[in-house]
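In what follows, a single structure is set out as structure tokens and then discussed.
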Amino acid sequence: MSIRDVYIVDAVRTPIGKFAGALASVRPDDLAAHVVRALVDRTPALDPSRIDDVVFGDANGAGEDNRDVARMAVLLAGLPVSVPGVTVNRLCGSGLEAVIQAARAIALGDASVAIAGGVESMSRAPWVLQKPERAFPAGHQQLHSTTLGWRMTNPRMPAEWTVALGEGAELIADKYGITREQQDAFALESHRNAAAAWAAGLYDGEVVPYDGVDLATDECIRASSTMEALAKLKPVFRGSGTVTAGNASPLNDGAAALLLVDEEGLRETGREPLARIRTSAVTGIEPQHFGLGPVEAVRRALAKAGRSFPDLVTFELNEAFAAQSLGCLSEWPDLDPAVVNPRGGAIAIGHPLGASGARLAGSVAHQLAAAGSGTGLAALCIGVGQGLALVLER
């Protein structure tokens, strides 16, 4: 059996909304449907009934995501009911996992045309109540937030594994001697790069605003931020720590989607592809060191592609925390920092968990198309200790 080439024809995303911000009134299934519909409308030569599957990442699924948000998006977007949809969950890596799974189906000949993406509304993530072991308990019951982090944790899990995500970032700062000033400088660069990219129109062909919502650009970018302003923020996870709201990614709402095809599907679209999917890799690490998950995943993905760090023209590394990103970068001495997140990263743009991986892959594809040729890479750390990476080429 021959392995087929897989092409990214197009990639779109919503502007990323801040927690309780402009997109807070929009259900996650509607956000997902919006980017699916946008992809179809931007490729009028493609008969929507030719879409073999829609794969979406979603890190929550406890509320209006309604278990299988991919299928909900298909129906709400007005696609033919014959188009199926499946939702995958690899926490922060869910959107990229969706791209990888859809690409794998096409490469193996199980599909010719697929949509892959991700969605998250952290604003609308519900509280959940654990079902009592017996009916009508006399005592009070606890509600758990599903917005972020551990919940209803299994008591058999070692305590050192179940620390807060921010404490995990503090552990990385300790390990590598990363200072508060270094983290703040990294965060400031993220905001400046994102603001400059928007000002230069680099996101104009990628971002599709949600109808009826007054949000044209990413809501969390602070173009006027300064080192002095960041220095005033208090550490969140340790009294004498270094991780603050200013050098960590915020809570966000948003969706992203990509159109993937094989050679036959490419001919049907009548379009030139943005990029070709080359290889991917996933790895595991101790849960409290989750932020270093991309280190080995990136190495493996590049090795499988027969590429090395000097070959990269762009590298979208998800900025869960500045300390986490800096820790990873210190492990890749051959990587040119100038190719990392040239259009800003998640500290500025935002990190809607299930959508972020698809946003990164789409951004790499658009950047490769703008460059004309080269190798690009998208990677994320993942809560509970995993790393995920995808290599693209043009």
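Per-residue HN-Hα couplings for segment 60-75, Karplus 6.51 cos²θ - 1.76 cosθ + 1.60 at θ = phi - 60°, whole Hz, x for Gly and Pro?
With coefficients 6.51, -1.76 and 1.60, one gets 9, x, 8, x, 5, 4, 6, 6, 10, 5, 5, 5, 4, 5, 4, 5 Hz.
Decide, for segment 239-394, between rounded, prolate and oblate: order the square roots of the alpha carbon gyration tensor eigenvalues as a ≥ b ≥ c, take rounded if a/c falls under 1.5, and otherwise choose prolate if a/b is larger than b/c, else oblate.
It is prolate, given that a/c is not under 1.5 and a/b is the larger ratio.
Let me know the shape class of segment 69-180, please: from the alpha-carbon gyration tensor, a ≥ b ≥ c as square roots of the eigenvalues, rounded when a/c is under 1.5, otherwise prolate if a/b is greater than b/c, or oblate.
Oblate, since a/c reaches 1.5 and b/c is not below a/b.
Full extension from residue 20 to residue 1: what is 0.36 nm times the residue separation minus their Cα-Cα distance, to one decimal in nm? All intermediate terms of the calculation are to be shown ahead of the outcome.
Working: separation 19, 0.36 × 19 = 6.84 nm, distance 4.95 nm.
This chain segment gains 1.9 nm when fully extended.
What are the residues whose amide H is under 5 Å from the amide H of residue 111, where those residues sit 5 or more places off or on another chain and H is modelled from the backbone?
Result for residue 111 returns 106.
Which distance in nm do the two modelled labels at residue 229 and residue 179 give, with both placed 7 Å along the Cα-to-Cβ direction?
For residue 229 paired with residue 179, the spin-label model returns 2.3 nm.
Please work out how much length the chain gains when fully extended from residue 66 to residue 154, using 0.36 nm per residue of separation minus the C-alpha to C-alpha distance, in nm with one decimal.
29.3 nm
Per-residue ellipticity at 222 nm for the chain, helices alone: DSSP H runs ≥ 4 residues times -39500 (n - 2.57), over residue total, nearest 500 deg cm²/dmol?
-9500 deg cm²/dmol
Students often forget the sequence filter, so: which aspartates and glutamates lie under 15 Å Cα-Cα from residue 232 once same-chain residues fewer than 8 apart are removed?
By straight Cα distance, residue 232 reaches 181, 184.
Which part of segment 293-309 falls in the paramagnetic zone of residue 336, meaning amide N under 13 Å from the point 7 Å along Cα-to-beta-carbon?
Inside the label zone: 309.
How large is ³J(HN,Hα) for each residue in segment 348-355, as worked out from phi by the Karplus curve 6.51 cos²θ - 1.76 cosθ + 1.60 (θ = phi - 60°), to whole Hz, x for Gly and Pro?
9, 6, x, 9, x, 2, x, 8
Just check segment 62-130 against the gyration tensor rule for me: Cα atoms, a ≥ b ≥ c as the square roots of the eigenvalues, rounded for a/c under 1.5, and otherwise prolate or oblate depending on whether a/b exceeds b/c.
Note, shape of segment 62-130 comes out oblate.
Stokes-Einstein diffusion coefficient for segment 212-285 at 25 °C in a medium of 0.890 mPa s, Rh from the Kirkwood formula over Cα pairs: what value in µm²/s? Display every interim value, and only then the final one.
On the way: Rh = 17.7 Å.
Translational D for this selection: 138 µm²/s.
Over the chain, what is the relative contact order in percent, taking alpha-carbon pairs closer than 8 angstrom and at least six residues apart?
Relative contact order here is 28 percent.
Using modelled backbone amide H atoms (1.01 Å from N, in-plane), which distant-in-sequence or interchain residues come within less than 5 Å of residue 57's amide H?
Under 5 Å from the amide H of residue 57 lie the amide H atoms of 88, 98, 117, 118, 119, each far enough along the sequence or on another chain.
Residue by residue through segment 332-342, which ³J(HN,Hα) values in whole Hz follow from phi under the Karplus form 6.51 cos²θ - 1.76 cosθ + 1.60 (θ = phi - 60°), with glycine and proline marked x?
3J(HN,Hα) across segment 332-342, in whole Hz: 10, x, 7, 8, 7, x, 5, 8, 8, 6, x.
Excluding residues fewer than 8 places away in the same chain, name every one of the lysines whose C-alpha is closer than 23 Å to that of residue 234.
Within the straight-line limit of under 23 Å, residue 234 reaches these lysines: 18, 175.
Rounded to a whole number, what % of the accessible area of the chain do carbon and sulfur atoms account for, probe 1.4 Å?
C and S atoms contribute 52 percent here.
If you rank 72, 1 by how much accessible surface each has, with a 1.4 Å probe, what is the order from largest down?
Descending accessible area places them as 1, 72.
The values are calculated or read from the model by the stated rules, or taken from the named source; none is laboratory data. Predicted model only: the values in this text are computed from it and were never measured. Note that we place each Cβ from the backbone using ideal geometry, even for glycine, and neighbour counts take in every protein chain shown. Side chains are part of the model used for accessible areas, which takes the heavy atoms of the whole protein and leaves out ligands, DNA and RNA. Shrake-Rupley method; radii C 1.70, N 1.55, O 1.52, S 1.80 Å.
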